[in-house]
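Structure first, then comments.
Every number here is computed from the coordinates shown, using simple stated rules; none is lab data. What you are looking at is a predicted structure, and each value in this text was computed from that prediction instead of being measured. FYI the Cβ positions are ideal-geometry reconstructions off the backbone, even for glycines, and counts take in every protein chain you see.
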Amino acid sequence: MNFSSNSTKSVKQLISEGLALHQRGLLDQAKVVYEEILVRQPRNFDALNFLGIVHAVSGQLDLAIDLFTKAVKINPSNANVLFNRANAFISSGNFSQALADLDKSLLIDPNNFNALLIQGNALKSSNRLQEAVNSYNKAIALQPDLAQAYSNRGVALSELKQFDEALGSFHQAIRFQPNLAEPYCNMGAVFTELKQFANAIECYNQAIAIEPNYADAFYNKANALKELKKLHEAIDNYKKAITINPSHIEAYFNSGNALNDLNELE
């Protein structure tokens, strides 16, 4: 692409061009186009919003939030840019600011099930578990096949010790998205909590079959095997978790404990 020719194009043409590049995943090229628009029109809402998305996807969250904030000042009633800034706040761990933006976004567009989904995620991360469940329920009411909402709701319900409801929610997630490993792993965690270790191991095996490099599934499976005194198998699974994720501290620690238990038995 010859960017030197952009000087002859209108801002409207550049927006279309940048968005086309963006949608094709050519983020660096889209970024150049958006930046050129902002040189010409520093308060161009679309360029600020789209450039913010590019920086958010690239992990440059402070830059993204700054761009979204400038866009919000230009058009504070735009639900989309509030949603985008909320996502960036969540990625940066600022859940209170994210929730404030989501409240505003949902007042403008109450039928945005994705906003309700990430609202649930922010509430869950803030340990506001029943409120998180309520947000997931609203998202599901709007989009009944939203597998991630069922899966995340299951996690919140399990943390509330509502295990039967959690298992039902995980089953719904799997029904709508059978190739999603996470609900199988989380279902295994519920069965582990209920001391149904054989059922837990079966769930972890399902998660691993879908996602062979799922370190936490190997780790959790190892814990269940350890509870069943299958120490050799437990140690093998701890090793697999560590191979996938060498910084998995808990896997090292529990593997050491399993080795000690094995040495005592032998």
Calculating P(r) over Cα pairs in 10 Å bins from 0, in percent from this structure picks out, from (i) 5, 14, 20, 28, 20, 8, 4, 1, 0; (ii) 7, 22, 25, 22, 15, 7, 2, 0, 0; (iii) 6, 28, 33, 21, 9, 3, 0, entry (ii)
For the stretch 108-244, the Kirkwood Rh over every pair of distinct alpha carbons, in Å, works out to 15.3 Å
Taking a ≥ b ≥ c as the square roots of the eigenvalues of the Cα gyration tensor, with a/c under 1.5 meaning rounded and otherwise prolate when a/b exceeds b/c and oblate if not, the stretch 171-216 is oblate
As straight-line cross-link partners of LYS12, the qualifying lysines (C-alpha separation under 23 Å, not fewer than 8 residues apart within one chain) are LYS31, LYS70, LYS73
Output ordering of 49-60, 180-191, 16-27 (per-residue mean of other Cβ within 10 Å, highest first) is 180-191, 49-60, 16-27
Computed on Cα atoms, Rg of the stretch 182-266 relative to 2.2 N^0.38 Å comes out at 1.00
Taking max minus min of the Cα coordinates of the stretch 1-95 on each principal axis, largest first, gives extents in Å of 43, 25, 18
Using alpha-carbon coordinates alone, the radius of gyration and Dmax of the stretch 93-157 in Å work out to 10.6, 29
Rounded to the nearest 10 degrees, the helix 231-244 long axis (Cα) sits at an angle to the longest Cα principal axis of the chain of 20 degrees
